[in-house]
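Presented below is the structure to which this report refers.
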Amino acid sequence: MSINIDSKLPNLGTTIFTVIGELANRHQAINLGQGFPDFSAPQGLLDRVDYHIQQGHNQYAPMAGVAALREAIADKIGQSYGRAVSADREVTVTPGATEALYCAITACVRPGDEVIVFDPAYDSYEPAIELSGGRAVHLPLLPPAFGIDWQRVKDAINPRTRMIILNSPHNPTGATLSAGDLDSLAELVRDTDILLLSDEVYEHLVYDGETHQSLLRHDELAARAFVVFSFGKTYHVTGWKTGYCIAPAALTAELRKVHQYVTFVAVTPIQLALADYLRDCPEHYRQLPAFYQHKRDLFCEHMTGSRFKFTPTRGTFFQLMDYSDISDRDDMAMAEWLTGEKGVAAIPVSVFYKEPPPGRYVRFCFAKEDQTLIKAAELLCRI
Ligand code: PMP
Ligand code: GLN
């Protein structure tokens, strides 16, 4: 008997991060592909996880997250973005930012709804939109600046527009939204029921003295936004898959309706450890911009002798490199060649576009030990 599975996501393959990760392992390439650090989390944080496990904090946490962590998050949001949020009604801890994104989208998007996404778009947004019966409307961010063309957004908005998804600092381009961008957005959504989903997982990775323009800084925008963060990026623990969502109480209530049946809760001892560390060691996130700016500068400095062209990234731990002086290959073939033949794994950029614009870019992750970055740059400079 053969069953007709009739896939709900017929066009979706394996994520590029898995594809390139496997290739990197097979060829023992230096993996600057998938975004994850090759260095450890702070010892003090690791010790707190041990402590809480040994204390027996190993059962389900409250659905919205451990209270101490939600309170520490609310304090941090107040200090970082000047917004008072209710730990009980506006903060939800989730197993990774990915779960928060999924829950926000599925809680709000109905069949026939349109959701505006900016390409290159992080790859988890569209499947959630499609599973909800919605349609992603792709607007391109164009090189070299990869900024948002607000006139195009205005033209794309119509009565079916339910949500706009933003991501700043932006993966994979490193572009950041300015205060002026937030005002332009506010003007477009004023007097509509359009919701905003703001992916701000790289909030602390902004360079050259720039300030992260969180939607939480903007009263009008924050009133209609789900704003999503990830401890994975901030504490070098991507494998802990712990993040959170800040949203006004009415939106949080909708998000939690989905969250409680998708995963119900995030991991208890990890939440308790993060609560301790967030409260006791705010220096950790305050020094992150300098920590990563050093890595960006080191990588870029060692790449100046290469045939890649680039502008140092403004945010995230990703650096785009233009390889048009090196090869005519498309970027997938280039990423495979770099990984398989040249010993350094990279991520192609066109896979995050519906219709890629002209240009030849690959993305390198510089969340690596200095020695790893120097070695990778040496190999890339030989090309
Ligand atoms: N959004 C963006 C833009 C990301 O780069 C990532 C990193 N994987 C995520 C969301 C997901 O974060 P998490 O691992 O906490 O689910
Ligand atoms: N956010 C990570 C990146 O962009 C990947 C996460 C994943 O593998 N899904 O590299």
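The values are calculated or read from the model by the stated rules, or taken from the named source; none is laboratory data. Just so you know, these numbers come straight off a predicted model, no measurement behind them. Glycine also receives a Cβ, built like all others from the backbone with ideal geometry; neighbour counts cover every protein chain displayed.
Of note:
- Count of segment 132-152 residues which are outside any loop (DSSP other than H, G, I, E, B) and touching a helix residue (DSSP H, G or I) at 6+ places or on another chain (Cβ under 6 Å): 4
- Only one of the numbered conditions (1) touching a residue at least 60 places away in the same chain (Cβ under 8 Å); (2) surrounded by fewer than 23 Cβ atoms within 10 Å (Cβ to Cβ); (3) not charged (D, E, K, R) is violated by Ala250, and that is (1).
- The set of residues in segment 342-383 that are touching a helix residue (DSSP H, G or I) at 6+ places or on another chain (Cβ under 8 Å) and among the acidic types (Asp, Glu) comprises Asp370, Glu378.
- So Asp325, is it free of Cβ contacts under 8 Å to residues at least 40 places away in the same chain and part of a helix (DSSP H, G or I): no
- Residue check, Val49 of a type in the set (A, V, I, L, M) and either under 29 Å from Leu278 (Cα atoms) or more than 15 Å from ligand 2 (Cβ to nearest atom) (or both): yes
- Close pairs (9 angstrom Cβ cut-off, 6 or more residues apart or separate chains): more than 11 Å from Val109 (Cα to Cα) in segment 126-146, modelled with pLDDT of 95 or more and part of a helix (DSSP H, G or I) anywhere: Pro127/Tyr102; Val137/Ala156; His138/Glu126; Leu139/Arg152; Leu139/Val153; Leu139/Ala156; Pro140/Arg152
- Long-range neighbours under 6 Å by Cβ, at least six apart or interchain, first residue crowded, with 18+ Cβ neighbours inside 10 Å within segment 338-350, second of a type in the set (Lys, Arg) and modelled with pLDDT of 95 or more: Ile347/Arg363; Val349/Arg363
- Considering segment 198-250, and only residues there that are within 18 Å of Arg314 (Cα to Cα) and among the charged types (D, E, K, R), the residue that is nearest to ligand 2 (Cβ to nearest atom) turns out to be Lys233.
- Selected residue (only one of Thr176, Thr192 is away from ligand 1 (no atom under 15 Å from the Cβ) and touching a Ser or Thr at 6+ places or on another chain (Cβ under 9 Å)): Thr192
- Verdict on Lys368 being modelled with pLDDT of 95 or more, within 19 Å of Gly232 (Cβ to Cβ) and either more than 22 Å from the chain's Cα centre (by Cα) or not in a helix (DSSP H, G or I) (or both): yes
- Selection count where residues are in contact with a Ser or Thr (Cβ under 8 Å, 6 or more places away or on another chain), surrounded by 20 or more Cβ atoms within 10 Å (Cβ to Cβ) and not in a strand (DSSP E or B), scope segment 109-131: 3
- Hits in segment 153-173 - residues which are outside any loop (DSSP other than H, G, I, E, B) and within 16 Å of ligand 1 (Cβ to nearest atom): Met163, Ile164, Ile165, Leu166, Asn167
- Flag for Gly232 being surrounded by fewer than 24 Cβ atoms within 10 Å (Cβ to Cβ), in a helix (DSSP H, G or I) and within 13 Å of ligand 1 (Cβ to nearest atom): yes
- Count of residues meeting criterion [more than 30 Å from Val49 (Cα to Cα) and of a type in the set (Ser, Thr, Tyr)] in segment 202-259: 2
- Out of Leu197, Leu182, sole residue that is surrounded by fewer than 24 Cβ atoms within 10 Å (Cβ to Cβ) and touching a residue at least 12 places away in the same chain (Cβ under 8 Å): Leu182
- When Gly305 is tested against (1) part of a loop (DSSP other than H, G, I, E, B); (2) among the small types (Gly, Ala, Ser); (3) within 22 Å of Thr15 (Cβ to Cβ), exactly one condition is not met: (3).
- Single condition Arg217 does not satisfy, out of (1) away from ligand 1 (no atom under 14 Å from the Cβ); (2) surrounded by 24 or more Cβ atoms within 10 Å (Cβ to Cβ): (2)
- Val344 being at pLDDT below 95, under 19 Å from Ala29 (Cβ atoms) and under 24 Å from the mean Cα position of the chain (by Cα): no
- When Leu298, Leu320, Leu274, Leu278 are checked against the criterion of being assigned to a helix (DSSP H, G or I) and in contact with a strand residue (DSSP E or B) (Cβ under 9 Å, 6 or more places away or on another chain), Leu274 stands alone in meeting it.
- Of the helices (runs of 4 or more DSSP H) lying entirely inside segment 1-96, those containing at least 3 residues that are over 24 Å from Val228 (Cα atoms) and within 16 Å of ligand 1 (Cβ to nearest atom) are 16-27.
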